[in-house]
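These notes are about the structure you will find just below.
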Amino acid sequence: MSNIDFLALGPEIAVTAAAVLLLMIEVARKPSARVWGWIAGIGIAAALGLSIAGWVLGRGTDANLYFSDMLALDGFSAFGGIVVFTLTGIGLIAGWGLVTSLRRRGAEFVALVLIAAAGMHLMAASANLIMLFIALEVASISFYVLAGITRNRAADEAALKYFLLGAFASAVFLYGIALVFAATGTLSMAGQESFLGETILLRPGVLLAGIALLIVGLGFKVSAAPFHVWAPDVYQGAPSGVTGFLAAGAKVGGFAALARVLTVPLDAYLDDWAPAVAVVAVASVVVGTLLAIAQDDIKRMLAYSSVAHAGFILLALTAGDAGVEAVWFYVSTYALQVVGAFAVVAAVSGPDTGASPLDSYAGLGKRSPMMAAGLGLMMIAMGGIPMTTGFVGKLGVFRAAIDAGYLWAVVTALVATVAGLFFYLRVIVRMYMDAPGGDAPALEVGRGPAWAVGITSAATIVLGIAPWPLLNMLRDALPF
Amino acid sequence: MVELVLFVIFAICALFGAVTMVWARNPVYSALGLMLTMFSLAVFYVSNAGHFVAVVQVIVYAGAVMTLFLFVIMLIGVDKAEDRSETLPLQRPAALVLLALFAAGVLVAGARAWTTGYTAPGEAVNGTIEAIGSRLFDTWLLPFEVTALLLIIAAAGTIALAFFRGDGEEG
């Protein structure tokens, strides 16, 4: 009855085993950082392989539920695993300079990254609200520690703010779970779906309050306005080597959870929650775009731009089930862009420092043509220029929102897209048209950021020119 | 009737404790307020036949966790009152206005649309250790196992954050 199958949990077991092994070997043998890299790499590769196997076996719409309906093995969770473990691998490669600069504490850093990956994948795979809450906490608490890992003043501030606001958002989310439980009598998403599908609630006040609180709790995790206030300080204060992973991971996990919660158990109440989601989306797009223009630190600018991107992704969710493909395309390609952009930031400002003022990018085109080209490409993609994934992603979310009847939201978002080009292109102008300040030497770029930028740039261009393989794939990545 | 009276009394206690926890300037009063809230919650568990959970609540939260809090407060220093100056002067009035709006929303919803829709089955709750244990290791096995990850994070995170000496030397 309880349907226990540890193979369904394979990706989590792989990365958790790698994390535990790493911590134990670190205590017993104090190996070099290369050994940490091998253990983490094997764990992530195994998890990625198991996710791909889960995709081959579990794609399509028929979900298999395991552990008494706690865990869903379907195209949605398998695709989520592929995205999460890919970006964990690239994020670790991009931030490897941070790991070595932490010396012996690097082992704990790598272990926490692996555990955060397990938590993010569980967020995509949870089929029960309590399971989702614990997965969310696993990912979030790892993120709080990672944000403050360098223990300088900015990192401490980032970690503390992230922790306090995040704990508050988790409490709101938990209250939402309690209210939805009170209204439906079950915590299982499949059970809630069938209860709400079969029962007409004449006065659904408790349920609607619960839905609102769930949206607030998860809206915090994906940094949608007005729950975005943590993002700029955390992005700026966290060491650059891990900021990309934090930013992309929070988006992927948060949107996977939000998409499943809204379209599976609460599908019958689409007409009630979709307007709220549309308002949050438009608020995020407007606030993120306007505040990004005023920033003079590239990490703060990327933080506000991520608020705007959260808004774009939320637009697709107003279509319910029909928008999940657009959400996945946008989230997965945006995650790669973010990891690539922060890999450049780590190369320019150093992986263990927080702030990265825009002035230090002046003349980057001469100091390091490859990094400048990579960052320029990510800016173009985030701005939504054709031939990049950013354009295809925006097209998808706008079409989903128009089909759902939110034309006003799409028009606002289009205006914000054009306004957003200002600050994305400003970075490119800075890099190519301004002279480097003083006599800045050519930038020494490590192999890690170079690989990370190369992989993410290639993916951004290839999937931007030929998105159809991924789009076809996503048709099978719907939640059960 | 007894249950209702108990609920009202301890609900007031729980809310009073929670407000004290946030409002008190002295951290010891905050800790005591939190303890009052936790005891009141234990009473609710008892009135819902969750005897084992109630005992755990008293032993773990009101006992162990509160002792830890008091230790930390004593180590930091009891006499440190909190500085209440705000960098954003409008923050507190704005928060109070929004709180009032939220309360009004809840009250309106409560008067007009506050029913749950789900009617619980009439069977009695089985709050024994045996029942909880078998549910925990059957239906709730996976969440229970995943909380182990939280413990690993706590241990690894504490080592990573606390073994830092500031001068670049690692402990």
Of (1) assigned to a helix (DSSP H, G or I); (2) over 17 Å from A:Ala335 (Cα atoms), A:Leu48 fails just (2)
_One residue is enough: does region A:135-150 have a residue meeting the conditions crowded, with 24+ Cβ neighbours inside 10 Å, in contact with a strand residue (DSSP E or B) (Cβ under 9 Å, 6 or more places away or on another chain) and more than 10 Å from chain B (Cβ to nearest Cβ)?_
yes
For helices (runs of 4 or more DSSP H) lying entirely in region A:169-269, having 1 or more residues that are open to solvent by 20 Å² or more (accessible area, probe 1.4 Å) and free of Cβ contacts under 8 Å to residues at least 40 places away in the same chain picks out A:189-198, A:205-221
Considering residues that are more than 21 Å from A:Lys221 (Cα to Cα) and touching a helix residue (DSSP H, G or I) at 6+ places or on another chain (Cβ under 9 Å), the number found within region A:259-289 is 5
Going through (1) part of a helix (DSSP H, G or I); (2) surrounded by 16 or more Cβ atoms within 10 Å (Cβ to Cβ) one by one, A:Asp69 fails only at (1)
* Asked: Is it the case that some residue within region A:298-307 is of a type in the set (Ser, Thr, Tyr), within 29 Å of A:Asn152 (Cα to Cα) and open to solvent by less than 10 Å² (accessible area, probe 1.4 Å)?
  -> yes
Residue pairs within 8 Å by beta carbon, gap of at least six or interchain, first lying in region A:360-375 and over 21 Å from A:Leu336 (Cβ atoms), second at pLDDT 85 or above and hydroxyl-bearing (Ser, Thr, Tyr), listed first then second, are A:Ser360/A:Ser349; A:Gly365/A:Tyr432
task: With respect to A:Asp74, determine if the residue is touching a Phe, Trp or Tyr at 6+ places or on another chain (Cβ under 7 Å) and surrounded by fewer than 19 Cβ atoms within 10 Å (Cβ to Cβ).
output: no
Checked against (1) away from chain B (no Cβ under 14 Å); (2) open to solvent by 20 Å² or more (accessible area, probe 1.4 Å); (3) out of contact with any Leu (no Cβ under 8 Å at 6 or more places or on another chain), A:Ser51 satisfies every condition except (2)
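Residue by residue, here is whether (1) more than 25 Å from A:Leu146 (Cβ to Cβ); (2) open to solvent by less than 20 Å² (accessible area, probe 1.4 Å) holds:
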position	(1), (2)
A:Ser368	yes, yes
A:Gly374	no, yes
A:Leu377	yes, no
A:Thr388	yes, yes
A:Phe391	yes, no
A:Ala401	yes, yes
A:Ala409	yes, yes
Just one listed residue, out of A:Ala14, A:Ala28, A:Ala63, is within 21 Å of A:Trp96 (Cβ to Cβ) and more than 10 Å from every other protein chain (Cβ to nearest Cβ), and it is A:Ala14
Here, helices (runs of 4 or more DSSP H) confined to region B:85-163 with at least 1 residues that are closer than 30 Å to A:Ser142 by Cα, at pLDDT below 90 and within 11 Å of chain A (Cβ to nearest Cβ) are B:129-136, B:141-162
Filtering region A:110-133 down to residues that are buried (at least 24 other Cβ atoms within 10 Å of the Cβ), over 17 Å from the mean Cα position of the chain (by Cα) and facing chain B (nearest Cβ under 9 Å) yields A:Ala111, A:Asn128, A:Met131
Scanning region A:1-53 residue by residue, those within 22 Å of A:Ala139 (Cβ to Cβ) and in contact with a strand residue (DSSP E or B) (Cβ under 6 Å, 6 or more places away or on another chain) turn out to be A:Ala8
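Starting from residues that are touching a Gly at 6+ places or on another chain (Cβ under 7 Å) and not aliphatic (A, V, I, L, M), keep the ones in region A:90-107 and report whichever is nearest to A:Glu444 (Cα to Cα).
Kept after step one, since they are touching a Gly at 6+ places or on another chain (Cβ under 7 Å), are these residues of region A:90-107: A:91, A:93-100.
Keeping just the survivors that are not aliphatic (A, V, I, L, M) gives A:91, A:95-97, A:100.
Details: A:Gly91: 19, A:Gly95: 15, A:Trp96: 15, A:Gly97: 12, A:Thr100: 16 Å.
Among those that are touching a Gly at 6+ places or on another chain (Cβ under 7 Å) and not aliphatic (A, V, I, L, M), it is A:Gly97.
The values are calculated or read from the model by the stated rules, or taken from the named source; none is laboratory data. Fair warning: this is a prediction, and the values are worked out from it, not measured in the lab. Virtual Cβ from ideal backbone geometry, glycine too; neighbours counted across all protein chains shown. Ligands, DNA and RNA are excluded from the accessible area calculation, which covers all protein heavy atoms including side chains. Shrake-Rupley method; radii C 1.70, N 1.55, O 1.52, S 1.80 Å.
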